[in-house]
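**Q** I am attaching a structure below and will ask some questions about it afterwards.
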Amino acid sequence: MAQIKKVLIHENKSLTANTILTFNVPSFDTIDDIFLEFSNSGAAATTANIKSSVGKIALNINGEQVINTTATRLFDFYSMLGNEVQQNSRPANVINLNVGRLLFLLPENEDYFAWGCSNINTIQVQVYCNGTVTGVTDCNLITERRPTQSQLGAYVKLISYPQSMSAAGISTVDTLPRDSNEAYLAVLASEETGGAIASGECVVNGVNIYDNISAAVDAMIVSERDYSPVSGYFNYLFADRSRRGILPMIGVTELRLKTNFSAAPTAGVYDLLACTIKNVPAEMMSAYNA
């Protein structure tokens with residue numbers, strides 16, 4: 001049966017320094033994606049101006065955090081996705097918020113992560129403007145939808161978890177969420193200004209998932225899985241573009257990341273950008289256990 005996808009413009013808001021733009025997204029049909037288009041007096045805004053003018057971007061569905069990170073982190077995540085989003089030709093001024101679908105290669109796998117609206121009460125997007133807004137005047141919110149009725153099932157979350165790191169050495173973190181209904185796809189540790197990551201290690205329930213490997217080996221692993229290494233990040237990558245590439249949290253009591261900084265970030269802080277699947281589909285768990 002033919003399935004016509006609709007692309008709908010819902011709302012336009014003007015950017016002003018130190019304000020929060022709140023978009024309430026209509027809940028109907030099945031939403032494949034939500035897009036934010038940034039413009040500068042009718043022309044496309046530049047990526048550099050979006051990064052400098054926009055701080056945090058947040059998406060909440062039924063009151064739960066689904067996206068909570070900065071515009072800069074979102075653009076960097078797109079770069080990690082590699083050819084799947086054609087990073088060399090993607091529009092400079094458009095941000096999409098259902099980013100996790102693009103971690104998978106096959107369309108049928110991507111379709112697991114569309115947002116069925118029959119049990120969604122609220123969808124809210126917030127754009128936090130920085131103290132200085134330059135070269136960005138407006139933001140359009142746009143959705144891509146299919147006229148099908150379904151419930152919100154599995155969905156992908158992308159959330160930044162700030163960490164402290166004031167001196168060179170190993171930053172050990174065992175505080176990332178371990179929800180038994182979630183699975184990790186990737187965790188990206190950011191170097192930040194002045195910082196440098198030499199190696200990383202990941203331990204799950206006392207067993208090494210990642211031995212203490214160098215940043216160079218990590219970059220090769222990312223490349224071999226058909227993603228792109230991104231300058232300034234160490235990528236604890238569990239995805240491999242298939243349904244098997246997940247790290248489920250069922251029975252996990254310890255998820256420990258040990259990131260070795262050869263130089264500490266100047267500001268003494270860095271991010272762990274975590275990409276997870278909530279409500280992991282049974283088909284993916286079957287593939288993982290096969």
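**Q** Could you list, in sequence order, all residues of the stretch 28-62 that are part of a loop (DSSP other than H, G, I, E, B) and under 18 Å from VAL156 (Cα atoms)?
**A** Going residue by residue through the stretch 28-62, those that are part of a loop (DSSP other than H, G, I, E, B) are 28-29, 41-42, 45-46, 62.
Listed by number, the list holds a single entry, ASN62.
**Q** Moving on. Residues of the stretch 214-252 being of a type in the set (Val, Ile, Thr), surrounded by fewer than 20 Cβ atoms within 10 Å (Cβ to Cβ) and within 24 Å of GLU283 (Cα to Cα), which ones?
**A** Of all residues in the stretch 214-252, those of a type in the set (Val, Ile, Thr) come to 217, 221-222, 230, 246, 250, 252.
Checking the rest, the ones that are also surrounded by fewer than 20 Cβ atoms within 10 Å (Cβ to Cβ) come to 217, 221, 250, 252.
Matches in the stretch 214-252: ILE250, VAL252.
**Q** Can you tell me which residue is nearest to GLN149 (Cα to Cα) among those in the stretch 14-43 that are surrounded by fewer than 16 Cβ atoms within 10 Å (Cβ to Cβ) and not hydroxyl-bearing (Ser, Thr, Tyr)? Give the derivation first.
**A** Taking the stretch 14-43 first, the residues surrounded by fewer than 16 Cβ atoms within 10 Å (Cβ to Cβ) are 14, 16-20, 22, 24, 26, 28, 41-43.
If we keep only those that are not hydroxyl-bearing (Ser, Thr, Tyr) as well, we get 17-18, 20, 24, 26, 28, 42-43.
On the way: ALA17: 39, ASN18: 39, ILE20: 32, ASN24: 20, PRO26: 14, PHE28: 8, GLY42: 36, ALA43: 36 Å.
Top of the filtered list is PHE28.
**Q** Something else: Can you name the condition, by its number, that LEU103 falls short on among (1) hydrophobic (A, V, I, L, M, F, W, C); (2) at pLDDT below 95; (3) in contact with a helix residue (DSSP H, G or I) (Cβ under 6 Å, 6 or more places away or on another chain)?
**A** Exception for LEU103: condition (3).
**Q** Another question about this same structure. Could you check the stretch 178-205 and list, in sequence order, the residues that are within 26 Å of VAL280 (Cα to Cα) and outside any strand (DSSP E or B)? Step through it out loud before you land on a result.
**A** To start, the set of residues in the stretch 178-205 that are within 26 Å of VAL280 (Cα to Cα) comprises 178-189, 201-205.
Scanning the stretch 178-205 gives ARG178, ASP179, SER180, ASN181, ASN205.
**Q** Can you tell me which of ILE142, ILE170 is within 14 Å of TYR270 (Cα to Cα) and surrounded by fewer than 20 Cβ atoms within 10 Å (Cβ to Cβ)?
**A** Numbers: ILE142 fails: within 14 Å of TYR270 (Cα to Cα).
Exactly one of ILE142, ILE170 is within 14 Å of TYR270 (Cα to Cα) and surrounded by fewer than 20 Cβ atoms within 10 Å (Cβ to Cβ), namely ILE170.
**Q** Among the residues of the stretch 194-205, write down those that are among the hydrophobic types (A, V, I, L, M, F, W, C) and surrounded by fewer than 17 Cβ atoms within 10 Å (Cβ to Cβ). Full working, then the answer.
**A** Within the stretch 194-205, the first condition is being among the hydrophobic types (A, V, I, L, M, F, W, C), and the residues that meet it are 196-198, 202-204.
If the condition is that a residue be among the hydrophobic types (A, V, I, L, M, F, W, C) and surrounded by fewer than 17 Cβ atoms within 10 Å (Cβ to Cβ), then ALA196, ALA198 are the ones that fit.
**Q** So is ASN208 assigned to a strand (DSSP E or B), without any contact (Cβ under 8 Å) to a residue 24 or more places away in the chain and surrounded by fewer than 20 Cβ atoms within 10 Å (Cβ to Cβ) or not?
**A** Working: assigned to a strand (DSSP E or B): yes; without any contact (Cβ under 8 Å) to a residue 24 or more places away in the chain: yes; surrounded by fewer than 20 Cβ atoms within 10 Å (Cβ to Cβ): yes.
It is true that ASN208 is assigned to a strand (DSSP E or B), without any contact (Cβ under 8 Å) to a residue 24 or more places away in the chain and surrounded by fewer than 20 Cβ atoms within 10 Å (Cβ to Cβ).
**Q** Taking LYS278, is it under 28 Å from ALA58 (Cα atoms), over 16 Å from the mean Cα position of the chain (by Cα) and not aromatic (Phe, Trp, Tyr)? Walk me through it before giving the result.
**A** On the way: under 28 Å from ALA58 (Cα atoms): yes; over 16 Å from the mean Cα position of the chain (by Cα): no; not aromatic (Phe, Trp, Tyr): yes.
In short, no.
The values are calculated or read from the model by the stated rules, or taken from the named source; none is laboratory data. Keep in mind it's a predicted model, so treat the numbers as computed, not measured. No Cβ is skipped: glycine too gets one built from the backbone with ideal geometry, and neighbour counts run over all protein chains shown.
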